[in-house]
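Asker: Please see the structure below; I have some questions.
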Amino acid sequence: MIEKEIKKSTNAEGVKKEKTAERPTRVRRKPKAAIKVEQVEAKQKEEITVTVEETEVVKKPAVKIIPLGGLEQIGMNITAFEYEDSIIVVDCGLAFPEDDMLGIDLVIPDVTYLKDNIHKVKGFVITHGHEDHIGSLPYVLKDVNVPIYATKLTLGIIENKLKEHNLLKSTKRKVIKYGQSINLGCFRIEFIRTNHSIADAAALAIYTPAGIIVHTGDFKVDFTPVYGETIDLQKFGELGKKGVLALMCDSTNVMRPGFTMSERTVGKTLDNIFAENTKHRIIVATFASNVDRVQQIINSAEKYNRKVVIEGRSMVNIVTTAAELGYIRIPDGIMIDIEQMKNYSDEQLVLITTGSQGETMAALSRIAASIHRKISITPGDTVILSSTPIPGNEKNVSKIINELSAKGAKVIYQDTHVSGHACQEEIKLIYALTKPKFAIPVHGEFRHLKCHAELAQDMGIPKDNVVIMTSGDVLELSQDSVKIVDHIPAQGILVDGLGVGDVGNIVLRDRQHLSENGLIIVVVTLEKYSNQILSGPDIVSRGFVYVRESENLMDEARTVVCDALDKCLNKNMTDWGKIKNEIKDSLSDYLWKKMKRNPMILPIIMEV
């Protein structure tokens, strides 16, 4: 009995020892709920770590948008799009000089940035054939000679310009059809049909590594265009479904509510004017580039059995090009040369001319001023101004209306024009179709851009996603952000005659000074070694006072100059620069005290 108990005890201890050897420490198990929480937290930590690593390694592509002109003004439209080693340039227009740019003919964009990066520039992509979009090409191509891509009529007008500047052979050009795409470096560009006041206008879908950017160009929605088809709204909708990163939309008429009238409405108005003036000669002034308007004038002339005369160099060039390319229909025998006008009576004639904006040397301005060699106004003539004055041109247009009216002409200038730019509802339609993530208003003065920004916000674009740029800003655009990162020079270069860029702010300031205050030239002759006055001082006045009626003033001015010279020579002053400054300062002080005028004073010292 005792032995059995001992064996049980021994066996029990042995089992215990064996079990202890297999599992020396007993661990308390955690509840299942706690284990699940730890697993979830571990997984989240792992995901966070991976996301941080991916953000550091993979940076989303960003494209740069650089407007070199066209913002805060109407004109000189040119925008560069850059990604890595590729730059494309949309449009290359000019601007007309402002009132204070005395003697300046044109203003073209500063393309220093393109010249510095010429190895990246792949080509110019042109939206349509207006001067503010193509006018600078002959000047810019001399430094940035890359291919030009445009629609048929647009390229035809460009080729006329290149011929005048002997650049046709040295410039590559390609006609692009609507719906066709071109690959330029990192970009793919598709041309989209739009309507405007010139045929063959196009919007651009720019496919970039960052996303699709839609550039509308100048456009309106015209469901009854004179030539061609309506705007391709379906394509805008398709792009919206794909996802548009940014919309760069025309802002010219953004302050006008509603829709822009169709071009055909002008045709009806012109037809009525022709019907009411069957016994008088009709002269119609319009934009040379408005081919559809010219077509409607020709249609009315054909209807009322009138011959048509085209006058004005730009008008002749564009109408000839449009007719050759099939964009305008000219009935046989309706067009006559200006020399043949004498063979027809007034009621048989229609003249289509340039100068609807009051340009000084345009055909209508010369006719109104009676300096045109072959056309003069006769009482009873009906003159139609088929345009709206561009801001700043109102005075010139009013002057022409007064001159024509004084010569007995009947001037009609109301309800004879419709705009080629979209009003608010058309712009909203493009936003609704494209559904862009970012909005970048273009083509307008600051007030237009600001109003456009507010419209974009009304269409659901977040305020932070709407960017108002100025010319020269460098905008960096990606899927997640838009920001201005730099600024480059984009002031514009002045063209005066054959001189490009040789007239700057200092020269303009001098011209302004001369135009407002006139010029006085002081001429003195000194002996070479002794600096004794041999002759003078002689004073010549231009634009300051009429000398014959101001002899006393001139005598006193001469005395002031003599005193200044004596003062310098008594000090043995030999530096001519200091002598000139003394003359200038003394005479300027005298004239201001005497006349409260501040003419430009130019001392000239000669040595014998």
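The values are calculated or read from the model by the stated rules, or taken from the named source; none is laboratory data. The structure presented is a predicted model; accordingly, all values stated were derived computationally and were not measured. Here the Cβ positions follow ideal geometry from the backbone for every residue, glycine too, while neighbour counts run over all protein chains shown. Accessible surface is based on the protein model in full, side chains and every heavy atom, while ligands, DNA and RNA are left aside. Shrake-Rupley method; radii C 1.70, N 1.55, O 1.52, S 1.80 Å.
Asker: Among the residues in the stretch 537-546, are any surrounded by fewer than 12 Cβ atoms within 10 Å (Cβ to Cβ) and of a type outside the set (A, V, I, L, M, F, W, C)?
Answerer: Yes, the stretch 537-546 contains a residue that is surrounded by fewer than 12 Cβ atoms within 10 Å (Cβ to Cβ) and of a type outside the set (A, V, I, L, M, F, W, C).
Asker: Continuing with the same structure: Across the stretch 246-268, which residue is nearest to Val482 (Cα to Cα) among those that are buried (at least 21 other Cβ atoms within 10 Å of the Cβ) and over 22 Å from the mean Cα position of the chain (by Cα)?
Answerer: Here the answer is Glu263.
Asker: Do the conditions hold for Lys578, that is, is it touching a Cys at 6+ places or on another chain (Cβ under 9 Å) and either open to solvent by 40 Å² or more (accessible area, probe 1.4 Å) or of a type in the set (Ser, Thr, Tyr) (or both)?
Answerer: yes
Asker: Can you find a residue that is touching a residue at least 40 places away in the same chain (Cβ under 8 Å), over 16 Å from His215 (Cβ atoms) and not basic (Lys, Arg) anywhere in the stretch 456-468?
Answerer: no
Asker: In addition: Whether any residue in the stretch 67-81 is over 20 Å from Gly444 (Cβ atoms) and touching a residue at least 60 places away in the same chain (Cβ under 8 Å) is what I want to check.
Answerer: For the stretch 67-81, residues over 20 Å from Gly444 (Cβ atoms) and touching a residue at least 60 places away in the same chain (Cβ under 8 Å): absent.
Asker: Residue check: is Val146 closer than 18 Å to Ile488 by Cα and either crowded, with 23+ Cβ neighbours inside 10 Å or in contact with a strand residue (DSSP E or B) (Cβ under 6 Å, 6 or more places away or on another chain) (or both)?
Answerer: no
Asker: Okay, moving on. Suppose we filter the stretch 98-116 for residues that are within 16 Å of the chain's Cα centre (by Cα) and under 14 Å from Val500 (Cβ atoms); how many remain?
Answerer: Here the count works out to 6.
Asker: Sticking with this one: Among the strands (runs of 3 or more DSSP E) lying completely within the stretch 442-528, list those that include at least 3 residues that are open to solvent by less than 20 Å² (accessible area, probe 1.4 Å) and more than 29 Å from Leu245 (Cβ to Cβ).
Answerer: Qualifying strands (runs of 3 or more DSSP E): 519-526.
Asker: What are the residues in the stretch 71-107 that are open to solvent by less than 40 Å² (accessible area, probe 1.4 Å), modelled with pLDDT under 90 and within 19 Å of Asn505 (Cα to Cα), if any?
Answerer: Ala95, Ile104, Leu106, Val107
A quick yes/no check of all residues on (1) in contact with an Asp or Glu (Cβ under 8 Å, 6 or more places away or on another chain); (2) hydrophobic (A, V, I, L, M, F, W, C):
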| residue | (1), (2) |
| --- | --- |
| Glu84 | no, no |
| Val89 | no, yes |
| Ala95 | yes, yes |
| Asp105 | yes, no |
| His130 | yes, no |
| Gly135 | no, no |
| Val144 | no, yes |
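Asker: Restricting to the stretch 271-289, and then to whatever is open to solvent by 60 Å² or more (accessible area, probe 1.4 Å) and among the charged types (D, E, K, R), can you tell me which residue is farthest from Lys374 (Cα to Cα)?
Answerer: So the residue we want is Glu276.
Asker: Hand me the list of strands (runs of 3 or more DSSP E) wholly inside the stretch 149-208 holding 3 or more residues that are open to solvent by 50 Å² or more (accessible area, probe 1.4 Å), farther than 27 Å from His119 by Cβ and of a type in the set (Asp, Glu).
Answerer: none
Asker: Under 6 Å between Cβ atoms, at least 6 apart or on separate chains: pull out the pairs that start in the stretch 264-275 with a residue that is touching a residue at least 12 places away in the same chain (Cβ under 8 Å) and end on any residue that is among the small types (Gly, Ala, Ser) and surrounded by 15 or more Cβ atoms within 10 Å (Cβ to Cβ).
Answerer: Leu270/Ser300; Asp271/Ser300; Phe274/Ser300
Asker: Suppose we filter Thr208, Thr216, Thr194, Thr224 for residues that are out of contact with any Gly (no Cβ under 9 Å at 6 or more places or on another chain), farther than 19 Å from Gly70 by Cα, modelled with pLDDT of 95 or more and of a type in the set (Ser, Thr, Tyr); which single one remains?
Answerer: Exactly one of Thr208, Thr216, Thr194, Thr224 is out of contact with any Gly (no Cβ under 9 Å at 6 or more places or on another chain), farther than 19 Å from Gly70 by Cα, modelled with pLDDT of 95 or more and of a type in the set (Ser, Thr, Tyr), namely Thr208.
Asker: Just wondering, is there one or more residues in the stretch 98-119 that are of a type in the set (Gly, Ala, Ser), in a loop (DSSP other than H, G, I, E, B) and under 23 Å from Ile182 (Cα atoms)?
Answerer: no
Asker: Please go through the stretch 422-441 and pick out each residue that is under 22 Å from the mean Cα position of the chain (by Cα), crowded, with 22+ Cβ neighbours inside 10 Å and part of a loop (DSSP other than H, G, I, E, B).
Answerer: Ala422, Ile440, Pro441
Asker: Check Arg558 against each of (1) open to solvent by less than 90 Å² (accessible area, probe 1.4 Å); (2) under 47 Å from the mean Cα position of the chain (by Cα) and name the one condition it does not meet.
Answerer: (2)
Asker: Among the residues of the stretch 314-334 satisfying the criterion of being more than 14 Å from Gln296 (Cβ to Cβ) and in contact (Cβ under 8 Å) with a residue 40 or more places away in the chain, which is surrounded by the most Cβ atoms within 10 Å (Cβ to Cβ)?
Answerer: Selected residue: Ile318.
Asker: Does Ser419 meet the test of being at pLDDT below 95 and either closer than 23 Å to Ala199 by Cα or among the acidic types (Asp, Glu) (or both)?
Answerer: In short, yes.
Asker: Residues to consider are Val547, Val608, Val560; find the one that is in contact (Cβ under 8 Å) with a residue 40 or more places away in the chain and either touching a Gly at 6+ places or on another chain (Cβ under 9 Å) or of a type in the set (A, V, I, L, M) (or both).
Answerer: Result of the check over Val547, Val608, Val560: Val608.
Asker: Among Thr353, Thr388, which is under 24 Å from Ser197 (Cα atoms) and buried (at least 22 other Cβ atoms within 10 Å of the Cβ)?
Answerer: After ruling out the rest, the residue left standing is Thr353.
Asker: What number of residues within the stretch 290-310 satisfy the criterion of being open to solvent by 30 Å² or more (accessible area, probe 1.4 Å), acidic (Asp, Glu) and either in contact with a helix residue (DSSP H, G or I) (Cβ under 6 Å, 6 or more places away or on another chain) or under 18 Å from Gly420 (Cα atoms) (or both)?
Answerer: 0
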